[in-house]
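Report on the structure given below.
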Amino acid sequence: MNILLVNDDSVYAPGIIALANALKDEHKVTIIAPAKQMSGTSHSITFYSFLNYEKLDIVDGVDSYIVNGTPCDCTKFGMDVIMKREFPDLVISGINKGYNIGTDILYSGTVNAATEGAVFKIKSIAVSQNYDLKSFDFTANFIKKNLDKLMDIIPNEKHIALSINVPTDDPKLLKGAKIATVGLQRYNDYYVYVENKGYHIMGEPLADIGNDEYTDVELIKDNYISISFVKHEFNDYTAFEKNKDLRFEL
């Protein structure tokens with residue numbers, strides 16, 4: 001299988017390197033990733049500046065490229081220019097250092113780099129893990145061992161990708177993996193001024209905001225790997241049906 005690996009933590013991040021090493025013996029793997037940390041860039045792409053890329057030697061047996069753009073640029077520009085529209089069978093974004101659960105996926109460069117692949121009707125997976133984990137090997141091997149099963153459950157439908165989050169690599173704590181819905185994740189965000197630099201966002205997740213037991217937010221707390229189906233769907237069909245015949249003054 002031809003696999004494109006992207007991320008938002010930079011081309012040199014240990015998560016993407018661990019994933020490449022886990023998959024390269026059984027698949028043709030290509031890395032196309034940003035030149036620097038690009039967390040929080042959501043689904044942004046580059047319009048008003050120029051993109052460039054360079055081939056690097058990072059992982060033996062893996063073609064690797066650095067791009068001066070966003071995570072979504074790496075997927076979109078990477079497939080068009082670097083891969084010359086020889087589209088991969090699968091896009092995997094990650095492994096991200098830190099969860100992308102609940103409404104975090106709105107901001108996540110990791111998840112949106114995967115959903116950009118799904119826009120092209122390419123099966124796509126975003127992979128994230130607990131920020132405190134020291135190694136990415138367990139998560140990389142989980143993806144390797146379950147890759148066929150994960151491919152099978154991704155719907156053959158535009159805009160749908162998987163978002164996977166791993167809470168622990170301790171077999172004594174990890175309870176298993178479950179299919180999850182996307183929950184809510186809110187923060188007590190605030191900004192702190194740093195002398196001679198500016199303002200930096202800080203905050204912690206708020207507890208007990210009404211998620212049910214099937215959400216990624218709650219499953220992660222209970223030490224389950226969460227696997228969610230995510231897509232770009234902006235329509236509220238209930239509101240549309242209720243108001244579609246409404247007439248406005250002109």
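What pairs come out if I take residues in the range 40-59 that are farther than 17 Å from residue 109 by Cβ and touching a residue at least 24 places away in the same chain (Cβ under 8 Å) and pair them with residues that are of a type in the set (Lys, Arg) and open to solvent by 50 Å² or more (accessible area, probe 1.4 Å) whose C-beta lies under 8 Å away, six or more apart or interchain?
59/24
When you scan the range 179-250 for strands (runs of 3 or more DSSP E) that lie fully inside it, which ones turn up with 3 or more residues that are among the aliphatic types (A, V, I, L, M)? Before the answer, list the steps.
Details: elements: 190-194, 198-202, 224-231.
So the answer is 224-231.
Do you know which residues across the range 90-103 are out of contact with any helix residue (DSSP H, G or I) (no Cβ under 8 Å at 6 or more places or on another chain) and in contact (Cβ under 8 Å) with a residue 60 or more places away in the chain?
103
Is there a residue in the range 36-43 that is at negative phi and part of a strand (DSSP E or B)?
no
The values are calculated or read from the model by the stated rules, or taken from the named source; none is laboratory data. What you are looking at is a predicted structure, and each value in this text was computed from that prediction instead of being measured. FYI the Cβ positions are ideal-geometry reconstructions off the backbone, even for glycines, and counts take in every protein chain you see. Surface accessibility is based on the protein's heavy atoms, side chains included, excluding ligands, DNA and RNA. Shrake-Rupley method; radii C 1.70, N 1.55, O 1.52, S 1.80 Å.
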